[in-house]
Amino acid sequence: MSPDAVVVTFESAAGLESCLDSVRGHTHVFVVDNASADRSAEIAEAAGACVARNAGNRGFAAAANQGAALGCADLILFLNPDATLASRDLALLVGTLDDPSVGAAGPRLVRPDGSEQRAWWPFPSPALAWREALGLERLHSRPPAADGSVDFVVGACLLVRRDAFERLGGFDERFWLYGEEADLCRRLRDAGLRVVHVPAARAVHVGAASSAALGPVAFEHFQRGAELFVRKHHGPTGLALHRAGLLVGSLLRLPVLALRRGDQRLPARRAVVARLVRELARRPTEVAR
């Protein structure tokens, strides 16, 4: 059986046709449009996808769950609208899930110019935040296991076993835009299933196609996604420690960035510091809704 492909769109017209063309004929395609003002929904319909149009922006996790519920295939491919996946690469991912111990898999991610994107990450945690703050993360970083197992793969292209996805309740809809794939992979691992990075498979991913349209909202939800993960899996004290570690690390890096004239990371780092100070002062152990 061909996988179901779920594509969530928001102002995604620019790359959507290429995305859908790449999986058409190899998947059953379901597009959930979060009230785009551009032609995203019309492009998806013209491509032959089953399209659900939302009256408002429900966020990625809720819309992805909505799209998954429209299908019935054993496997679900969650694909960003600015990503493409060739049939050969899809077949490699599908073959990985032939192993019943694997709950989810993701490919190598490259930009259109061929440069690499990070396709897998360790789970956010207070310990990780402090290791990074003190410059110790390189001493603890490790490659994927020999069998390809990692903590979580980036959700730009993520193939998931449906029975496990449904048994776990799908994506946690408290994660509005970022962090939902990390949380799902953590729950898959807690359920005894592996999450695998498949470097032989490749997806081309532009990046930030929908988040760019959201501007400051995307920045807030990027920070909030990691905090929700830590609050959920490490508790209120863990969240406070996580924030404190991020703040210390950011304060240590600010002078270095300031000395590098024109470093584009400086404004973003200052924004992170301001947000962390605010959140630690107002609600150190909670995440605002």
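Bear in mind these aren't lab numbers, they're just calculated from the coordinates by the rules spelled out. Note that the structure is predicted; figures quoted are calculated from it, not measured. Don't worry about glycine lacking a Cβ; one is built from the backbone with ideal geometry, like all the others, and counts go over all protein chains shown.
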Taking Cα atoms only, helix 216-259 is inclined relative to the longest principal axis of the chain by an angle, in degrees rounded to 10, of 60
Sorting Ala91, Val256, Ser18 by the position of each Cα along the dipole of the chain (Lys, Arg +1; Asp, Glu -1; all at Cβ), the one nearest the positive end of that ordering is Val256
With the convex hull built on the alpha-carbon atoms of the chain, volume per residue in Å³ sits at 135
Which residues qualify? For His28, with a placed amide H closer than 5 Å and at least 5 residues away or on another chain, they are Asp4, Ala5
Along principal axes, largest first, the alpha-carbon spread of the stretch 211-289 in whole Å comes out as 39, 31, 20
Longest principal axis of the chain (C-alpha) makes with the long axis of helix 87-96 (C-alpha) an angle, in degrees to the nearest 10, of 70
Farthest towards the positive end of the dipole of the chain, among Cys157, Gly106, Ala271 and with Cβ unit charges of +1 on Lys and Arg and -1 on Asp and Glu, lies the Cα of Ala271
Quick note on Phe219, Phe152, ordering by fewest other C-beta atoms within 10 Å, gives Phe219, Phe152
The helix 13-23 Cα axis meets the longest alpha-carbon principal axis of the chain at an angle in degrees, between 0 and 90 and rounded to 10, of 60
In debye to the nearest 20, the charge dipole size for the chain, taken about the Cα centre with +1 at each Lys and Arg Cβ and -1 at each Asp and Glu Cβ, equals 1380
Most fluctuating of Asp21, Asp82, Asp183 in the GNM of the chain (C-alpha, under 10 Å) is Asp21
Karplus-derived 3J(HN,Hα) from phi for the stretch 30-46 (6.51 cos²θ - 1.76 cosθ + 1.60, θ = phi - 60°), whole Hz, x at Gly and Pro, runs 10, 10, 10, 9, 8, 6, 5, 8, 8, 9, 3, 5, 5, 5, 5, 5, 5
Taking the alpha-carbon centre of each part, the distance from the stretch 18-50 to the stretch 213-262 in Å is 34
